[in-house]
1. Scan region 45-57 and give yes if some residue there is under 11 Å from the mean Cα position of the chain (by Cα), assigned to a helix (DSSP H, G or I) and modelled with pLDDT of 95 or more, otherwise no.
2. Taking region 93-111 as the search range and keeping residues that are surrounded by 11 or more Cβ atoms within 10 Å (Cβ to Cβ) and free of Cβ contacts under 8 Å to residues at least 40 places away in the same chain, which one is farthest from residue 43 (Cα to Cα)?
3. Of the residues 136, 125, which single one is farther than 24 Å from residue 82 by Cβ and at pLDDT below 95?
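The values are calculated or read from the model by the stated rules, or taken from the named source; none is laboratory data. Quick caveat, the model's predicted, so the values are computed rather than measured. Neighbour counts run over all protein chains shown; Cβ positions are idealised from the backbone, glycine included.
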């Protein structure tokens, strides 16, 4: 009886250790992808998102299919833990940015995004135009 209980406890501990270790590695790999990318697309949003803000996210993700190595990040500007990042980008609501992590260069695409959120073709065309210029600079 003691042997079967001990075996069960040991098996459970091994499973917990293996599953925890696997999750930690996956998270680290995802974080590493964002931290090593030179160019990032960052969309700031408020806690309560409007239809246009949601549409901008959707269209930015579609446009980024052309750039599979460039990560897209959503940042809740109302969350206190994002205060420093919001201050850095001067983003206090819905906004869209291109960011170069090495040069610290920032390109604000907010106006373009809101002006073209109703026209997918135009949004993607303008996004790609801005991305091309940003990548060259």
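1. The answer is yes; a qualifying residue exists.
2. Among them, the one singled out is 105.
3. Residue meeting the stated conditions: 136.
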